[in-house]
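Working notes, structure below.
The values are calculated or read from the model by the stated rules, or taken from the named source; none is laboratory data. Predicted model only: the values in this text are computed from it and were never measured. As a convention, Cβ positions derive from the backbone with ideal geometry for all residues, glycine included, and neighbour counts pool all protein chains shown.
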Amino acid sequence: MITILIGSIVLCLLFAPFAHAEDLPVFDKLWNYDKPDETEKAFREILPQAEASGNLAYLLQLKTQIARTLGLQREFSQAHDLLDEVEKALTTDLSGDRAGDRAGDLSVAWIRYFLERGRLLNSSGNPEASRSFFLQAWELGRRTGNDFYTVDAAHMMAIVSPSEHQMTWNKKALEIAEASEDKRARGWLGSLYNNMGWTYNDLGEYEKALVLFEKAWEFRKDQADAGGARIAKWCVAHALRKMGRIDRALEMQRELEEEILAEGADPDGFVYEEIAECLYETGRPEEAAPYYRKAYQLLKEIHWVAQGEPERLERLKQRGG
């Protein structure tokens, strides 16, 4: 039944009026990674238009991103089912000139399929299985000159690789991003500086981490990315605390607290946590306690913290009193 259904979809695409991608909505601009449920809704609203367009490459790429929204909502089974559908459509033999014209270049759809299958596996707790998909995305991206997705694949390889290989993959991603003429590929630089900084941070090499966090901060400011700049500033302050420069670290975290309040943004549990740590480490546990409490109340609501770092939450709870 599934094979018949997919075959019917493909036939409909072959004989539907064809729409070029530039005539269709740029769905990647609809992404809000903080609200995947809203993004899923936005993507599904344009799905009928994509299905009627006859543009298979566009349709399949859109479906990979719907799968990504499902993964971010931890609807892993639904996401994998949708990617199964994408895979079957990609591997269906579309022979003949008319089919070739209608299918378009499917290389990007393949790359995005590999990326999202890998992300799903990693997010659901199977990073080992995800590597082969990220590696396939990397290899196809390099072969076809798709720098943006090649950098994405390399940065994901860094995330899921053993610690001794992480920096190698980060450097590969950085090399491509810095040399690329693709503006979107260069847009990865802030994330790459951040990721490399955290790799050094986890190794206890805080001075090297600081240099990269500062690069990320400057990049985000140059891009007028207020949210990204705030996160990067937090990372700089974190590294300073780890290096023992606690007064400056506390000053920067206090600035962030004031900026968030002035902008009317949601309170940030990570900022509260760092303020608490700075105060505690300078012998002010009573002053730190309310910040530990506020950090605990906010961070326990973040799924990856609650699931992955229960000891961290317990520590915040205990020190908050």
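Beta carbons closer than 6 Å, at least 6 apart along the sequence or on distinct chains, pair a first residue in the range 251-276 that is in contact (Cβ under 8 Å) with a residue 12 or more places away in the chain with a second that is outside any helix (DSSP H, G or I) for 260/268. On inspection, residue 229 qualifies as touching a Phe, Trp or Tyr at 6+ places or on another chain (Cβ under 9 Å), free of Cβ contacts under 8 Å to residues at least 60 places away in the same chain, surrounded by fewer than 21 Cβ atoms within 10 Å (Cβ to Cβ) and not assigned by TED's automatic domain parsing to the domain that holds residue 167.
Go over the candidates 73, 61, 65 one by one and state the one that is modelled with pLDDT under 95 and within 22 Å of residue 35 (Cα to Cα).
73 is the lone residue from the list that is modelled with pLDDT under 95 and within 22 Å of residue 35 (Cα to Cα).
Only one entry of 131, 142 meets the criterion of being over 18 Å from the mean Cα position of the chain (by Cα), at pLDDT 95 or above and charged (D, E, K, R), and that entry is 142.
Before we move on, is residue 199 without any contact (Cβ under 8 Å) to a residue 12 or more places away in the chain and in a helix (DSSP H, G or I)? I'd like the intermediate steps shown before the answer.
Details: without any contact (Cβ under 8 Å) to a residue 12 or more places away in the chain: no; in a helix (DSSP H, G or I): yes.
Against the criterion (without any contact (Cβ under 8 Å) to a residue 12 or more places away in the chain and in a helix (DSSP H, G or I)), residue 199 does not qualify.
Restricting attention to the range 117-145, and to residues there that are of a type in the set (Ser, Thr, Tyr) and more than 16 Å from residue 308 (Cβ to Cβ), which single residue is surrounded by the most Cβ atoms within 10 Å (Cβ to Cβ)? Among them, the one singled out is 130. Among the residues of the range 1-27, just one is loosely packed, with under 12 Cβ neighbours inside 10 Å and at pLDDT 90 or above, namely 26. Taking the range 263-277 as the range and being surrounded by fewer than 18 Cβ atoms within 10 Å (Cβ to Cβ) and either in contact with a strand residue (DSSP E or B) (Cβ under 7 Å, 6 or more places away or on another chain) or among the aliphatic types (A, V, I, L, M) (or both) as the test, only 265 passes.
Results for (1) modelled with pLDDT of 95 or more; (2) β-branched (Val, Ile, Thr); (3) buried (at least 19 other Cβ atoms within 10 Å of the Cβ); (4) under 23 Å from residue 123 (Cβ atoms), shown as yes or no for each residue.
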{"site": "147", "(1), (2), (3), (4)": "yes, no, yes, no"}
{"site": "154", "(1), (2), (3), (4)": "yes, no, yes, yes"}
{"site": "163", "(1), (2), (3), (4)": "no, no, no, yes"}
{"site": "167", "(1), (2), (3), (4)": "no, no, no, yes"}
{"site": "170", "(1), (2), (3), (4)": "no, no, yes, yes"}
{"site": "173", "(1), (2), (3), (4)": "yes, no, yes, yes"}
{"site": "177", "(1), (2), (3), (4)": "yes, no, yes, no"}
{"site": "181", "(1), (2), (3), (4)": "no, no, no, no"}
{"site": "187", "(1), (2), (3), (4)": "no, no, no, yes"}
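Residue under question is residue 277, and the condition is that it be closer than 18 Å to residue 251 by Cα, assigned to a helix (DSSP H, G or I), acidic (Asp, Glu) and touching a helix residue (DSSP H, G or I) at 6+ places or on another chain (Cβ under 6 Å); does it hold?
On the way: closer than 18 Å to residue 251 by Cα: yes; assigned to a helix (DSSP H, G or I): yes; acidic (Asp, Glu): yes; touching a helix residue (DSSP H, G or I) at 6+ places or on another chain (Cβ under 6 Å): no.
The answer is no for residue 277.
Taking the condition at pLDDT below 95 and not hydrophobic (A, V, I, L, M, F, W, C), does residue 208 pass? Against the criterion (at pLDDT below 95 and not hydrophobic (A, V, I, L, M, F, W, C)), residue 208 does not qualify. Scanning the range 216-243 for residues that are among the small types (Gly, Ala, Ser), farther than 15 Å from residue 255 by Cβ and assigned to a helix (DSSP H, G or I) yields 216, 227, 228, 239.
Quick check on residue 218: is it more than 22 Å from residue 263 (Cα to Cα) and at pLDDT 95 or above? It would help to see each step written out before you state the result.
Values: more than 22 Å from residue 263 (Cα to Cα): no; at pLDDT 95 or above: yes.
Against the criterion (more than 22 Å from residue 263 (Cα to Cα) and at pLDDT 95 or above), residue 218 does not qualify.
With respect to residue 208, determine if the residue is charged (D, E, K, R), part of a helix (DSSP H, G or I) and in contact with a Phe, Trp or Tyr (Cβ under 9 Å, 6 or more places away or on another chain). Give the steps one after another, and end with the answer.
Numbers: charged (D, E, K, R): yes; part of a helix (DSSP H, G or I): yes; in contact with a Phe, Trp or Tyr (Cβ under 9 Å, 6 or more places away or on another chain): yes.
Yes, satisfied.
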